[in-house]
Amino acid sequence: MKRLNTTERLKRRADFRAAGQGARAPGKAFVLQARNRGEDGAPRVGFTVSRQVGNAVERNRVRRRLREIVRLGPSANLYAGHDYVLIGRRAALQSGFDAMMRDLDAALRRVHAAGPAAALRGTGGADQGSLHRAGSPGRTHRRPVQAAKSRTGNGRKTPQQD
């Protein structure tokens, strides 16, 4: 497999969604998602941090730290023709930078050790078909909906309801 030293950024939502269908490697400070695009070209990397991580200042700090570990990390671990998404976690604010670098290296090795078929297939686990088939068999009937009592707009009962 050919490896390149240059990386490009993922910017479109469709690319992020497609990478989410690939292999996943969770870490303490981030989750790495990787997907083989099936074409040659520079590896593309995207970064995302949800609002649950914190306010804008904290999210931007996490995003900057993730960008820096990718920039300083060994680019030989980023394979050509692959898309990578790093999803930041709140722990990235307290994690040491060297620990995050080791986590990225380990996550990349886990993603690529699974082989190229896993990067195209996803994480395994559940069937990729309908979500209704993946869970329990479910019920075949539903409880009837009870009719709600009508009330006037001010919360008082109407004379017919007394």
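The values are calculated or read from the model by the stated rules, or taken from the named source; none is laboratory data. Quick caveat, the model's predicted, so the values are computed rather than measured. Cβ placement follows ideal geometry from the backbone for every residue including glycine, while neighbour counts extend to all protein chains displayed.
Within segment 54-98, the set of residues being out of contact with any Lys or Arg (no Cβ under 6 Å at 6 or more places or on another chain), surrounded by 14 or more Cβ atoms within 10 Å (Cβ to Cβ), farther than 17 Å from Arg44 by Cβ and aliphatic (A, V, I, L, M) comprises Val62, Leu93. Among the conditions (1) outside any helix (DSSP H, G or I); (2) at pLDDT below 90, the only one that Ala118 does not satisfy is (1). Number of residues in segment 27-68 that are part of a helix (DSSP H, G or I) and either charged (D, E, K, R) or touching a residue at least 60 places away in the same chain (Cβ under 8 Å) (or both): the value is 9.
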